[in-house]
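Notes follow once the structure below has been shown.
Just so it is clear, none of the values below were taken in a lab; they were calculated from the coordinates. Given the structure is predicted, the values throughout are model-derived calculations rather than measurements. Note that we place each Cβ from the backbone using ideal geometry, even for glycine, and neighbour counts take in every protein chain shown.
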Amino acid sequence: MKPNYWKLLGTAFLAWYFMSYAVGDPQGTLANWNFVDNVDLVIHEAGHIIFLFFGDFLHILGGSLTQILVPAIFAGYFFLRRQYFSGSVVLFWVGENVISVATYMGDAVVQQLPLLGGDGVIHDWNYLLSATGLLKYTIPLSNITHGIGVLLLIAAAVLCVRFSFEEKT
């Protein structure tokens, strides 16, 4: 089968863009903030509102949960419709969100990231990890989550290349 060179070029750009995001911010700062993060922040904050009536724990978890679920739902939609290349492209967004959540999670102890609402607001992951007794495992949990995000980015790139050779993607 003949490859679709436009899809391969798009895949190369997306792989470069999101992998540079994944490795470009090792200290968990906002130095690597990008346009997609602005969209993710709106979805994250909407998640808090969606889960407002399910108790404090789910209300606070709802931000990060929604931030990952929304792109995952879009990816699932495309895969279910057998639009595999499109689903693979959206999988990059899922991986980026997992990495973003890992960065926020990794900040749970030091709490240096600027939060909406200023200094007086609750740090989601400090609260969540404290409430579950896992705060002392912040760094390993953040690293594992980051690794999952990177694996999703790699899977997205591999799948995009694979489906660039398909007739109907």
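For the range 95-160 versus the range 32-68, the spacing of their alpha-carbon centroids is 12 Å. For the range 70-132, a Kirkwood hydrodynamic radius built from all Cα pairs, placed in the Stokes-Einstein relation at 37 °C and 0.692 mPa s, yields a translational diffusion coefficient of 243 µm²/s.
Placing pseudo-labels 7 Å out from each Cα toward the beta carbon at Phe54 and Arg162 gives an inter-label distance of 3.0 nm.
Hydrophobic long helices, here whole DSSP H runs in the chain with Kyte-Doolittle means of at least 1.6 and Cα atoms spread over 18 Å or more along the helix axis, are found at 138-163. Ranking Phe51, Trp93, Asn126 by how far each Cα lies toward the positive end of the dipole of the range 15-169 (charges on Cβ) leaves Trp93 at the top.
Please state, as a whole number in µm²/s, the translational diffusion coefficient that the Stokes-Einstein equation yields for the chain at 10 °C and 1.306 mPa s, with Rh defined as the Kirkwood radius across alpha carbon pairs. D = 94 µm²/s. Per-residue ellipticity at 222 nm from helix content only, as computed over the chain with -39500 (n - 2.57) for each DSSP H run of at least four residues, stands at -24000 deg cm²/dmol.
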